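One structure below.
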Amino acid sequence: MAFLESVTMARQLKPFKVLPWILSRHVAPSTSSRHGRLASTATSAPSPSMYKFVVVGGGSGGLAMASSLSRKHGKGQVAVIEPSEEHFYQPMWTLVGGGIKKKEQSRGLTKDVMPKACDWIKEKAVEFDPENNSVKTSGGKVVQYDYLVVAMGLQLNFDKLKGLPEALENDPMVCCNYSYNTVDKTFKALQNFKSGNAIFTIPNTPVKCAGAPQKIMYLTEEYFRQNNKRDKATVMYCSPLPSIFSAPKYAAVMMEICKKRGIQVNLRHNLVEIKPQSKEAVFAKLDTEPNETITLPYEMLHVPPPMGPPDILKASPLAGPAGFLSVNKETGQHTKYPNVFGIGDCTDFPTSKTAAAAAAQSGVLKKTINAVVNGLTPVAKYDGYTSCPLITGRRSCVLAEFDYNLEPLETFPFDQSKERRSMYHMKADFMPTMYWHAFVKGLWTGPALYRKIMHLGFSR
Ligand code: FAD
Ligand code: UQ1
């Protein structure tokens, strides 16, 4: 079950042996521990490591923060707990699924993106103990901190949807852009499609890049048109949500696009089971009481898995009611532990979970942490900025950008709800370079400044 080995980003990662040199590098006495005290250790247990800053998760948000913090505070002050040897530029997976990029183009090595001034602890975090300012790792280390940044991303729960693991494993026409291990099935499914229903779903859970489940549908529909398959295909989007997209301005445009292109939109349809043997997908109709189900045959099925907070975060005192890191929605500071901060998909910032949101959060979080370190009250305010480049074809994109109130917060001085070739190139060609050269280095905190310049100061 090669696929099952990778059901989450975290689970993708094989346990690493703890190298003695890692241990020795991390037994560093802290000179400035305001909060920390040494964890009690039995004689045989590893000694605790101490850092001014510990970042848990070296994905998009974690690296951006680790880079900025280590640049400001210097070598040996920041540790990053990240088990993966590989770093993925996940936003490229939509284009990989559409056959536009190769999946290898989305992959880098963690050693190449890890800031040189940070100590990389190549293990999983397994337990948070915020009362004692420490994190336990899979290798048995107790890593102590003065300040903690939690950036663990979302957990993919493939096994929470009946039939999904088997379908991904055995049915070549069931595909998923949400994992490096499954993303290359998608384009093969497009190529092998003969006739019938091409169904695209979105889970009834929090989801990263909530636009991605429909972006691949537009690429598929266009591919069918360009390859003489369109008249043999019924393309449909099935979503448990009451609208196709959260921000109304862009939802209206996407509905128009679906209408124009003959795409069926079935709202309040929640995928509850896949039957790969009979090639059927079962949906609960959420507007019926009790929920009726409807079974649709599929020729091709794209399924983002159910997602949720990482198990260890959910089980910790750091979790809010939904299991995500409980943060102040303006500052990113933890609601109970003032020396704990969060960024990205693992937090409960009430906005759409994207790398673009994490970039904007990183700008605010730097200021928040700086204030707290200097004994000041944080004043910087995150407005919920998030962005979703809604790819609608191989040369077109609607660039959605909005805030906590789902109000547009557009960077460019034109109406971004129109499909544009320029926005496609921004997403497909400019963004990857920007990500590897600026974002993970903590040098990109979102387009707010450019927005102000391009709107001649008349923008929030
Ligand atoms: P991640 O980047 O996922 O990083 C989390 C890190 O935590 C990982 O490195 C993981 O190994 C590590 N980790 C997990 N568990 C542990 C543990 N126990 N201990 C230590 N480390 C751990 N965003 C956009 O802005 N624009 C887009 O167009 C876009 N398209 C997307 C398309 C797809 C198909 C997907 C899947 C995502 C897309 N995104 C997009 C979303 C974007 O990739 C994420 O929102 C972003 O990566 C979140 O960053 P993060 O740091 O919170 O989490
Ligand atoms: C963005 O900042 C970002 O984070 C790095 C993305 O993720 C890859 C995006 O997709 C987008 C659209 C933005 C916003 C950037 C601009 C220039 C509007």
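The values are calculated or read from the model by the stated rules, or taken from the named source; none is laboratory data. Predicted model only: the values in this text are computed from it and were never measured. Please note: Cβ atoms are built from the backbone with ideal geometry, for glycine as well, and neighbour counts cover all protein chains shown.
Could you check, for segment 347-364, whether at least one of its residues is without any contact (Cβ under 8 Å) to a residue 60 or more places away in the chain and away from ligand 1 (no atom under 16 Å from the Cβ)?
Within segment 347-364, not a single residue is without any contact (Cβ under 8 Å) to a residue 60 or more places away in the chain and away from ligand 1 (no atom under 16 Å from the Cβ).
Quick check on segment 131-183: of everything there that is small (G, A, S) and either within 30 Å of V272 (Cβ to Cβ) or free of Cβ contacts under 8 Å to residues at least 24 places away in the same chain (or both), which residue is surrounded by the fewest Cβ atoms within 10 Å (Cβ to Cβ)?
Looking at residues that are small (G, A, S) and either within 30 Å of V272 (Cβ to Cβ) or free of Cβ contacts under 8 Å to residues at least 24 places away in the same chain (or both), I get G163.
Residues G375, G342: which one is away from ligand 2 (no atom under 11 Å from the Cβ), at pLDDT 95 or above and at positive phi?
So the residue among G375, G342 that is away from ligand 2 (no atom under 11 Å from the Cβ), at pLDDT 95 or above and at positive phi is G375.
Looking only at segment 413-437, count how many residues are out of contact with any helix residue (DSSP H, G or I) (no Cβ under 9 Å at 6 or more places or on another chain) and among the aliphatic types (A, V, I, L, M).
3
Among the residues of segment 287-302, is there at least one that is assigned to a strand (DSSP E or B) and touching a His at 6+ places or on another chain (Cβ under 8 Å)?
yes
So in segment 239-271, with the set limited to residues that are closer than 18 Å to P206 by Cβ and either in contact (Cβ under 8 Å) with a residue 40 or more places away in the chain or in the same structural domain as S387 (by TED's automatic domain parsing) (or both), which one is surrounded by the most Cβ atoms within 10 Å (Cβ to Cβ)?
Looking at residues that are closer than 18 Å to P206 by Cβ and either in contact (Cβ under 8 Å) with a residue 40 or more places away in the chain or in the same structural domain as S387 (by TED's automatic domain parsing) (or both), I get L271.
How many residues does segment 56-78 contain that are within 16 Å of ligand 2 (Cβ to nearest atom) and basic (K, R)?
Summing the residues that are within 16 Å of ligand 2 (Cβ to nearest atom) and basic (K, R) in segment 56-78 gives 0.
Only one of E127, E123, E131 is in the same structural domain as C397 (by TED's automatic domain parsing), modelled with pLDDT of 95 or more, over 24 Å from A359 (Cβ atoms) and part of a strand (DSSP E or B); which?
That would be E127, the only listed residue that is in the same structural domain as C397 (by TED's automatic domain parsing), modelled with pLDDT of 95 or more, over 24 Å from A359 (Cβ atoms) and part of a strand (DSSP E or B).
Would you mind listing the helices (runs of 4 or more DSSP H) fully within segment 381-460 where at least 2 residues are within 13 Å of ligand 1 (Cβ to nearest atom)?
Hits in segment 381-460: 421-425, 431-434.
Residues are listed down the side, and each one gets a yes or a no for (1) within 16 Å of ligand 2 (Cβ to nearest atom); (2) over 25 Å from G442 (Cβ atoms):
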{"site": "A356", "(1), (2)": "yes, no"}
{"site": "Y382", "(1), (2)": "yes, no"}
{"site": "G393", "(1), (2)": "no, yes"}
{"site": "P413", "(1), (2)": "yes, yes"}
{"site": "E419", "(1), (2)": "yes, yes"}
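Quick check on A319: is it surrounded by fewer than 24 Cβ atoms within 10 Å (Cβ to Cβ), small (G, A, S), in contact with a helix residue (DSSP H, G or I) (Cβ under 7 Å, 6 or more places away or on another chain) and closer than 19 Å to V54 by Cα?
yes
If I go through segment 73-119 residue by residue, how many of them are in a loop (DSSP other than H, G, I, E, B), basic (K, R) and within 21 Å of Y218 (Cβ to Cβ)?
Result for segment 73-119: 2.
Spot the failing condition for T368; the list is (1) buried (at least 17 other Cβ atoms within 10 Å of the Cβ); (2) closer than 15 Å to M65 by Cα; (3) within 16 Å of ligand 1 (Cβ to nearest atom); (4) not charged (D, E, K, R), and only one is missed.
(3)
Do we have any residue at all in segment 302-311 that's under 30 Å from K188 (Cα atoms), among the aliphatic types (A, V, I, L, M), away from ligand 1 (no atom under 16 Å from the Cβ) and modelled with pLDDT of 95 or more?
no
Taking the residues in segment 266-284 that are among the charged types (D, E, K, R) and over 15 Å from P306 (Cα atoms) as candidates, determine which candidate is nearest to the chain's Cα centre (by Cα).
This residue is R268.
Kindly evaluate Y237 against the criterion of being at pLDDT 95 or above and touching a helix residue (DSSP H, G or I) at 6+ places or on another chain (Cβ under 9 Å).
Here the answer is yes, as Y237 does meet what is asked.
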